[in-house]
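Colleague: First the structure, which I've put down as structure tokens, then a few questions once you've had a look.
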């Protein structure tokens, strides 16, 4: 099974997972990312959505939705991560930016990824986190 890179999965939202917590504080700051990068991340293929309560931003109290994991077949990221990129200018690692650029900023589709790979990623995430 091929590995995947995982970013933006915090124990604040994914309880019982082997993941770090959000930083204790963050400054509200608009994202400096290209709109194409935000769109790419926003339109990732939904791999997992947790049922139950929606989560609130610990910095503002704003409801940010249900914990969700998105993918492009190579990277996994949480919808919460995208919120923090937009609202607090959280960094997107250079390897992910490079990967997005190599994909010509074209958002991924489930058809392009394939059901077998999506199943592998689901199994990887559930086993690792």
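Each reported figure results from applying straightforward, stated rules to the coordinates on display, with no laboratory input. Every value quoted in this text rests on a predicted model; they were computed, and no experiment measured them. Positions of Cβ are generated from backbone atoms using ideal geometry, with glycine treated the same way; all protein chains shown enter the neighbour counts.
Colleague: Please say if the chain is rounded, prolate or oblate, where rounded means a/c under 1.5 for a ≥ b ≥ c the square roots of the C-alpha gyration tensor eigenvalues, and otherwise the choice is prolate for a/b larger than b/c and oblate otherwise?
Modeller: oblate
Colleague: Between 36, 80, 116, find the one with the highest GNM mean-square fluctuation for the chain; connect C-alpha pairs within less than 10 Å.
Modeller: Most flexible of the set in this elastic network: 116.
Colleague: Ok, one more. How many nm separate the modelled label positions at residue 54 and residue 21, each set 7 Å beyond the Cα in the direction of the Cβ?
Modeller: Distance between label points: 2.5 nm.
Colleague: What is the fewest-to-most order of 10, 77 by other Cβ atoms lying within 10 Å of their Cβ?
Modeller: 10, 77
Colleague: Another one. Using R₀ = 25 Å, calculate the FRET efficiency as 1/(1 + (r/R₀)^6) where r is the Cβ-Cβ separation of residue 39 and residue 62; round to 0.05.
Modeller: Step by step, r from the Cβ atoms, then E = 0.70.
Colleague: Neighbour counts of other C-beta atoms within 10 Å: give me 38, 6 arranged from fewest to most.
Modeller: Ranking 38, 6 by Cβ neighbours within 10 Å, fewest first, gives 38, 6.
Colleague: What spacing in nm lies between the two simple spin-label points modelled at residue 103 and residue 11, each 7 Å away from Cα in the Cβ direction?
Modeller: 2.9 nm
Colleague: Compute the relative contact order of segment 5-128 as a whole-number percentage, counting only Cα pairs closer than 8 Å that sit 6 or more residues apart in sequence.
Modeller: Computed value for segment 5-128: 30 percent relative contact order.
Colleague: Among 84, 21, 40, which one moves the most in a GNM of the chain with springs linking Cα atoms closer than 10 Å?
Modeller: The residue with the greatest mean-square fluctuation here is 21.
Colleague: Neighbour counts of other C-beta atoms within 10 Å: give me 105, 81 arranged from fewest to most.
Modeller: So the residues, fewest neighbours to most, are 105, 81.
Colleague: For the chain, give me the percentage of DSSP beta bridges that are antiparallel, rounded to the nearest 5 percent.
Modeller: 75 percent
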